[in-house]
Amino acid sequence: YFEQGGKRYSHTLDPQAGNPVICAAGHALLEQLTPIMLEHVVDAGHVLGDMCEELLAQFPEWVKAVRGIGMLRTVELADADTAARFHREALGHGLLLAPPSPGSPVITASPPLIMAETEVRRGVDLMAAVFLEWSDRSVCL
């Protein structure tokens, strides 16, 4: 938990955590995992991680840190306002990301495990497109 403005917020990414239907879906997923699928997840996770690290190198004025493993990555931006604005503009580019928690500078990227590597690349390219637009407009955040 974290507090801001007298309110207490949870860092839980999914309000459905612990929901019996969601748990049943997770159990069904575990039954479908194969070595080939797991290999794909590892490979796609490396692509996602490497490309997020490239965002950090290319846009240090906005991207402050990249964390995560596999197909679950977070990108810490300069501040909470930047994260909220980034989320809105990424959505405008067609990229659906979880919204940042109130007061948080962190954006979470958690694509489906079955997403093709080309689509993972496209998603991070869309993230980069937002930063490139900001650079082109010389936006001071």
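A compact table of results
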item: Net length gained if the chain between L30 and D81 were fully extended (0.36 nm per residue, minus Cα distance); result: 14.6 nm
item: Accessible area expressed per residue, the chain, with surrounding protein chains retained (probe 1.4 Å, Å²); result: 62 Å²
item: Descending principal axes extents, region 27-141, alpha-carbon based, whole Å; result: 48, 26, 23
item: Ellipticity estimate at 222 nm from DSSP helix runs (n ≥ 4, -39,500 (n - 2.57)) divided over the chain, nearest 500; result: -16500 deg cm²/dmol
item: The chain, accessible surface, carbon-and-sulfur percent (1.4 angstrom probe); result: 59 percent
item: Length-normalised contact order of the chain in % [C-alpha pairs under 8 Å, at least 6 apart]; result: 21 percent
item: Rounded accessible area of R122 (nearest 10 Å², 1.4 Å probe); result: 130 Å²
item: Distance cut-off 16 Å, percentage of C-alpha pairs in region 45-95 lying past it; result: 45 percent
item: Rounded to the nearest 20 debye, dipole of the chain from Cβ charges on Lys, Arg, Asp, Glu; result: 460 debye
item: Estimated inter-spin distance, I114 and D43, nm [label 7 Å along Cα→Cβ]; result: 1.7 nm
item: Sequence of C52, C23 when ordered by accessible area, the most exposed leading, probe 1.4 angstrom; result: C23, C52
item: The chain: DSSP helices with Cα axial extent of at least 27 Å and average Kyte-Doolittle hydropathy no lower than 0.0; result: 35-58
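The values are calculated or read from the model by the stated rules, or taken from the named source; none is laboratory data. As the structure is a computational prediction, the values presented were derived from the model and not from experiment. Ideal geometry is used to build each Cβ from the backbone, glycine not excepted, and the neighbour counts take in all protein chains shown. Keep in mind that these areas ignore ligands, DNA and RNA; they rest on the heavy atoms of the full protein, side chains included. Shrake-Rupley method; radii C 1.70, N 1.55, O 1.52, S 1.80 Å.
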